Amino acid sequence: MYRIIGILCIFLLVQEEEKITWSQQKKLHWGNFEAAPKYDTDAVAITASGITYGFSSKTYSNSDKVEYTTQVMAQFYPEKSWYLKERVNDTVLGHEQLHFDISELYARKFRKRIKETKFTKNVQQEIAEIYDQINEELRDMQNAYDAGSDYSRDYAGQIKWQKLIARELKKYDNYKRSPSDND
């Protein structure tokens, strides 16, 4: 006898909200930034991106056996992302794209941790704990990136971060979304 648990956890936003799933072939453009700009801040653009995940699991009542499947995605939220048209350029767009790329890096790290974890019957809680850890690391990296590139104004810092994230994405290449994953 077994029990099936299906949970879809979408953090940050409701499922109906427009989102763009990260793709190496498809880069952001200013038309993706749909929110009204905010003029009461020093920012000239804001990228709303993050990690969503879903999973289903099957546990067996007379066994410690746990079967599960997961889906992890880095997503960009156009309706929460904005820019000041008169103050941006291609450098700023590249900076915003790298924020999205950093989200993808941490989606890959999340997939790796899931793959390497031996889950118990508390799989839902255990995946949620990994997600919380990954999100904290993601926030720290996003903040370090803004500081290290002075929000795209430090050209050398921006280039350094581009190279670092490209290397890190390559390092976690085995944890890219598979072509069979649904968007």
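The values are calculated or read from the model by the stated rules, or taken from the named source; none is laboratory data. This one's a predicted model, so the numbers in the text were calculated from it and none came from an experiment. Here the Cβ positions follow ideal geometry from the backbone for every residue, glycine too, while neighbour counts run over all protein chains shown.
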Being among the β-branched types (Val, Ile, Thr), modelled with pLDDT of 95 or more and touching a Phe, Trp or Tyr at 6+ places or on another chain (Cβ under 8 Å) is the filter here; which residues of region 110-141 pass it? ILE127, ILE130, ILE134
Would you point out the residue of region 149-169, among those that are surrounded by fewer than 16 Cβ atoms within 10 Å (Cβ to Cβ) and small (Gly, Ala, Ser), that is nearest to LYS109 (Cα to Cα)? ALA166
Within region 49-66, track down each residue that is surrounded by fewer than 19 Cβ atoms within 10 Å (Cβ to Cβ) and free of Cβ contacts under 8 Å to residues at least 60 places away in the same chain. GLY54, SER56, LYS58, TYR60, SER63, ASP64, LYS65, VAL66
Within region 117-157, the count of residues that are within 21 Å of the chain's Cα centre (by Cα) and under 18 Å from ASP42 (Cα atoms) comes to 10
Out of the residues in region 31-48 meeting the condition of being touching a residue at least 12 places away in the same chain (Cβ under 8 Å) and not in a loop (DSSP other than H, G, I, E, B), tell me which one is nearest to ASP132 (Cα to Cα). ILE46
